[in-house]
Structure formats: structure tokens, C-alpha cells
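The values are calculated or read from the model by the stated rules, or taken from the named source; none is laboratory data. As the structure is a computational prediction, the values presented were derived from the model and not from experiment. With ideal geometry, Cβ positions are generated from the backbone for all residues, glycine too; neighbour counts draw on all protein chains shown. Side chains included, ligands, DNA and RNA excluded: accessible areas come from the protein's heavy atoms. Shrake-Rupley method; radii C 1.70, N 1.55, O 1.52, S 1.80 Å.
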Amino acid sequence: MFKIAITGKGGVGKTTFSGTLARMLAKDGYDSIAIDADSDMNLASSLGIKNPPRPLTDYKDLIQERAGETGGFFNYNPKVDDIVEKYGVVGPDNVKMLIMGTVEKGGTGCMCPASSFLRAFLRHVVLKENSTVVLDMEAGIEHLGRGTTKGIDLMIVVVEPGMRSIETASRIKKLAHDIGIKKLAAVVNKGELEPVKEHLEELNIHLLGGIPYDENMVNADLEGAAPIDYGGKAVDSIWNIKNNVLQLLLDKSNNPN
Ligand SMILES: Nc1ncnc2c1ncn2[C@@H]1O[C@H](COP(=O)(O)OP(=O)(O)O)[C@@H](O)[C@H]1O
Ligand SMILES: [Mg+2]
């Protein structure tokens, strides 16, 4: 069982990659769970799911009941083991998906029941031996903190050929250890691998592979189709990356941090 988080700058292809990877893991026979943790909430279409579930944060009563205040105390360790079954939907290849939703950041911020509920859910979501979780994260790094990222087996940073997105990767690399990420690796999307490769080597970030710029990805997006059902050379490359991901996760000795 593996938990994989996908990060990177906005627009680099996190959602496209997350949805495609989750479908591939489902096709491989894993109990694949894709979680939309981005406030944009557009992971469903990249999975080929037409009727996305309601965001978890819409279920105010549930959150109150599980993580709310009782007898003057908040429950910081709410029950979450039934959430995937009850609040997720099942899509093509039996991929499952959930949407986290957004938490209003009031004065008490991380103390509120909704955020402690979401953090508990993320920490405990992997239940079965053959489960895989792919988390499509919010862009940037500001939201990355121990509470949400603890227990992530592999964080993949999606990088475009360009210094701004390499800079994001570098900042994530610096944070990775502090926020409890076990392994960090990168994929290069929408361009040539070569110019980016040496920068990643310099940063000592393991490279899982490259995904070429592919019009099929754009057309799939425009038609609301899942890239994996559309095909093309970008999807072919993601199949290779999926194999490299599994190899890296199964390799106990390799620790790119
Ligand atoms: N390899 C690729 N080739 C061409 N277009 C791509 C590729 N990967 C992603 N895109 C397109 O880039 C845009 C942003 O992708 P998206 O996955 O939404 O990024 P993010 O989640 O990082 O904001 C989408 O229109 C998507 O279709
Ligand atoms: Mg996205």
C-alpha cells in the first residue's frame, strides 16, 4: 500500500498526471483511490468520472459529529475509516475518487474541526494491503505541512522545462525531510527532458521520467475526456513513469532524500 502526493507549480500538469496515474494503478489491479486535495477540484475529468462526488467539507454534520467539540474538547483523532466507501465514487477501471473541499481559514485556522478531519482522513486513508492513494495537491508549497503530508511514501513534483518550476522543486526538496516525506522524485512534463535533467541532478532529486508536450492532452481536456481513454505519446510515457514509480516504492534501499 502506497500513498503518493503530486505537487508542483500551478498549470504544470499535476491534475492530468494524477488522474492518469491513478487510472493506471487501477488497471494494474490496485485498489486505486484518487483524492482531489486542490481547491480547483478538477481531478474528476482527468479520471474520466462524469459525476464527481460532493467535497467532504460539504458534509458539515459529519465533520461536526466526528471532529467537533464534545464536552469542551475537540476530537483530533476522528474516525475516518468509512469515508472512502461512503463519500467517494467509483469510476472507470474501478478507480475510486474523493474530493476534500476547501476549509475557510478563519482566526483559528488549523484548529477547526474541518481541517483536523481532513488531516486525519489523509493520514489514515490507506486501509487495504493492495491500496494505492494518489493525492492531487494544491499548487505551490505554502500548504505543505507535517499535518497533511505525514505518512506520504512518495512525493512527485511535476516540473515544466523552466526555472520557475525547478525553483518550486528545489523548495519542496528543502522541505521534504521536515514534513516527513519518505521519498521525493520528479517528472518533467510538456517538454524536453534534457535541459531539466541536470538541474534535478544538481538538486539531487530522483527523475522518474519525462512526458512530452502532446496535443492529445489538450484535446482530451477540451472534450472532458480522461487522457488515458484518449491515448497518445504523453500517456505512453506515463505508463513508463508508472512502472518507475512502483519500482521506486518497492525498493526499500533507495531513499532519494
Ligand atoms: N504533456 C502535456 N502536453 C500538453 N498539454 C498538457 C500536458 N500535460 C498537461 N497539459 C495541459 O496543461 C493544462 C494544465 O494541466 P493541469 O493538469 O490542469 O495542471 P495543474 O493541475 O498542475 O494546474 C491542461 O490544459 C492540460 O491539458
Ligand atoms: Mg490541478
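A compact table of results
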read-out	value
Average accessible surface area per residue within the stretch 2-250, 1.4 Å rolling probe, Å²	45 Å²
Amide proton proximity set for Lys190, modelled H, under 5 Å, gap of 5+	Ile211, Tyr213
Residues whose placed amide H lies under 5 Å from that of Leu135, excluding near-sequence neighbours	Ile4, Ala5, Ile6, Ile35
Portion, in percent, of the accessible area of the chain that falls on carbon or sulfur, probe 1.4 Å	50 percent
Counting DSSP beta bridges with both ends in the chain, the antiparallel % (nearest 5)	10 percent
Amide hydrogen neighbours beyond the local backbone of Val80, cut-off 5 Å, H modeled	none
Rounded to the nearest 10 Å², the accessible area of His199 at probe 1.4 Å	50 Å²
Alpha-carbon centroids, the stretch 151-212 and the stretch 7-23: separation in whole Å	13 Å
Listed residues Lys86, Lys197 arranged by accessible area, highest first, probe 1.4 Å	Lys86, Lys197
Dipole in debye (nearest 20) - the chain, about Cα centre, beta carbon charges: Lys, Arg +1; Asp, Glu -1	660 debye
Normalised alpha carbon radius of gyration of the chain [divisor 2.2 N^0.38 Å]	0.98
Helix runs (DSSP H) in the chain reaching 18 Å along axis by Cα, Kyte-Doolittle at least -1.0	14-27, 163-176, 233-250
Distance in nm between pseudo-label sites at Glu223 and Glu167 (7 Å out along the Cβ direction from Cα)	3.8 nm
Relative contact order computed over the chain (Cα-Cα under 8 Å; 6+ residues apart), in percent	26 percent
